[in-house]
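Working notes for the structure below.
The values are calculated or read from the model by the stated rules, or taken from the named source; none is laboratory data. Small disclaimer: the values here were computed from a predicted structure and weren't measured. Cβ placement follows ideal geometry from the backbone for every residue including glycine, while neighbour counts extend to all protein chains displayed. Surface areas here come from the heavy atoms of the whole protein model, side chains and all, with no ligands, DNA or RNA. Shrake-Rupley method; radii C 1.70, N 1.55, O 1.52, S 1.80 Å.
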Amino acid sequence: MRKTTLFLLIVALLLGGCKSPGFGGVMTVSVQVDGTARQVEVEAGSTAAQALAQAGVALGPLDRTEPPLYTVLSDGDEIRVTRVVESFQTEEVILPFERQTVRSESVPSGETRLLQPGVNGLQELTYRILTEDGVEVSRSVVKTVILQEPLAEIVMVGAQSAFAPLPIPGRLVYLAGGNAWLMEDSTANRRPLVTTADLDGRIFTLSPDGNWLLYTRKSSKPPAEQINALWVVRINDNPRPFSLNAANVVHFAAWAPTTTPTVFYSTVEPRATAPGWQANNDLFRVTMTVAGPNQPRKILEPNSGGVYGWWGMSFAFSPDNRLAYARPDEIGLVDQDSGYLKPLLEITPLQTHSDWAWIPGLAWGADSDTLFIVTHAPAPAPVTAEESPFFDLTAASMVNNATVRLVQQTGMFAYPSASPVRSNGRENVYQVAYLQAIFPSQSETSRYRVVVMDRDGSNRRAVFPSADAPGLEPQTPAWAPEPVAGQTGDFLAVAYQGNLWLVDTGSGQAYQVTGDGLISRVDWK
């Protein structure tokens, strides 16, 4: 019994020795918060969080304490609370416009012309601001929104042309630095048609009589909302552009070969994802009047467009007003009255393994009896037909429905173009120009040379540029509307290294017309 009592006494003494001396008592701590100091009595062994609760101090989500909330306090300790407040502030900031100077031979030497006045942009900045006890300690930009893009001021400065002037027939228009210019009678006679500096070059074509220019302008809206808009300008002493109230014209818009100025166009729907649109594969017609364009008439309803129809389709008018269409898997004719497609030739679609599709190039012969088409040719095994890198130039007769391969391995961007009809004394004839890829098996990235041949594929010869010069970018060569005085053959106009060149297809002589490196599109009627 004595041993038991002694054991219990020893255990009680040991347990009493392990107990914290503060437990069971009261201690005082100081709380510094909101500019005041408070003395708070709490139970011994309390944490900083318990002390603040005892003092009735509520903490915000960003507030800090020193020491941390989990700290066990001792008598006389101090807790300091730092109030941290997060706020957001927006402000609008002006984006100053840039000033750009463009040298151009289209302006007389020593003169300047304001092509586009500058407009400041506007952006909205959102700041995240942190304050500690009412004092700002951090300010950072967390969001930027462009409310209005700045518009650069563009001044064109005249530069003396170093090239001798040439007489030219008809009217030649060219796109330079986002503006449309006209040459008439002589390459030295140049004047502006449109100086908005926003032509995107997707559509740039003269009417058959040379009195109207059809073109597209970039939209001021984000590309996902609107890509561009279709405009026309009448070519006279006081050209006045006006909108056709048509938007998102990517692949096709052209003049019909009719006495009344008439435009056909096809549209797409803008998309935020590549390639930036979904084709409608539709077709509209609109005629011009003195007061402006009439209401468009729908010729083709929107449709899937066949294989790779999301990319779109293109069209081409014959001189006698027949309309052909081209899409990645097919060539055919459009019934303009009934609004349906009549397939003529099946095309093996090209598998690009990318976000673009290939549309066969096509052009009518000057007699409206032949359609010149770039076709997808097969490749040796094991390359599949859809992945073949080879393309041929083919002629399809509208008289007997025969199809003849004229040139092998031209490249995918051969872009044939037929000259006007000429008389050789015995019959009416014409020539065909096309682009020949320098590397036919890599024609997607290859540069090209201009080749001219007779309509049956004979008398083929490369005319521009020379074999030792770099090739040109894919484009459709523009034929002169009639022979040029003093030259041996017909003239072709092309854009080469940013400049306008005229090529005599008879002698092969080429003439550089401009030297400012700004030209991207050319047409001649």
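Give me the aspartates and glutamates in straight-line cross-link reach of residue 221: C-alpha distance below 12 Å, same-chain residues under 8 apart excluded.
Leaving aside aspartates and glutamates fewer than 8 places away in the same chain, those within reach of residue 221 are 149.
Can you match Rg/Rh (Cα atoms, Kirkwood Rh) to one of these, (i) 0.95; (ii) 1.33; (iii) 1.55, based on a calculation from the structure here?
(ii)
Under 17 Å from a point 7 Å along the Cα-to-Cβ line of residue 128: which residues of the stretch 76-98 have their amide N that close?
What the label zone holds, given the 17 Å backbone N cut-off, is 84-91.
Okay, helix-only estimate at 222 nm for the chain: each DSSP H run of n ≥ 4 adds -39500 (n - 2.57), divide by all residues, round to 500 deg cm²/dmol; what do you get?
Only helices count here, giving -1500 deg cm²/dmol.
Mind checking the stretch 381-482 for trypsin sites (Lys or Arg not before Pro) that DSSP puts in a loop (not H, G, I, E or B) and that have at most 12 other Cβ atoms within 10 Å?
Answer in residue order: 426.
Pop a pseudo-label 7 angstrom from the Cα along the beta-carbon direction at both residue 237 and residue 340 and give the gap in nm to one decimal.
The modelled label-to-label distance comes out at 5.2 nm.
Round to a whole angstrom and tell me the spacing of the C-alpha centers of the stretch 353-377 and the stretch 276-338.
First find each Cα centre; the distance between them is then 15 Å.
Sort 85, 42 from largest to smallest accessible area, using a 1.4 Å probe on the heavy atoms of the protein chains.
85, 42
Counting only other residues whose beta carbon sits under 14 Å from that of residue 79, what net charge do I get with K and R as +1, D and E as -1?
Once all neighbours under 14 Å are counted, the net charge is -3.
Percent relative contact order of the chain, based on C-alpha pairs within less than 8 angstrom and at least six residues apart?
So the answer I get is 8 percent.
How would you rank 87-93, 466-472, highest first, on the average number of other Cβ atoms within 10 Å across their residues?
Answer by packing, highest mean first, reads 466-472, 87-93.
Count the DSSP beta bridges whose two residues both fall in the chain, then state the antiparallel fraction as a percent rounded to the nearest 5.
Antiparallel bridges: around 95 percent, rounded to the nearest 5.
Write out the GluC sites (Glu not before Pro) in the stretch 379-468 meeting two conditions: DSSP loop, and at most 12 other Cβ atoms within 10 Å of their Cβ.
Sparse-neighbourhood loop GluC sites (Glu not before Pro): 427.
Treating only the Cβ of Lys, Arg, Asp and Glu as charged (+1, +1, -1, -1), what charge dipole size does the chain show about its Cα centre? Round to the nearest 20 debye.
220 debye
With each pseudo-label sitting 7 Å past Cα toward Cβ, what's the residue 245-residue 400 distance in nm, one decimal?
So the two model labels end up 5.0 nm from each other.
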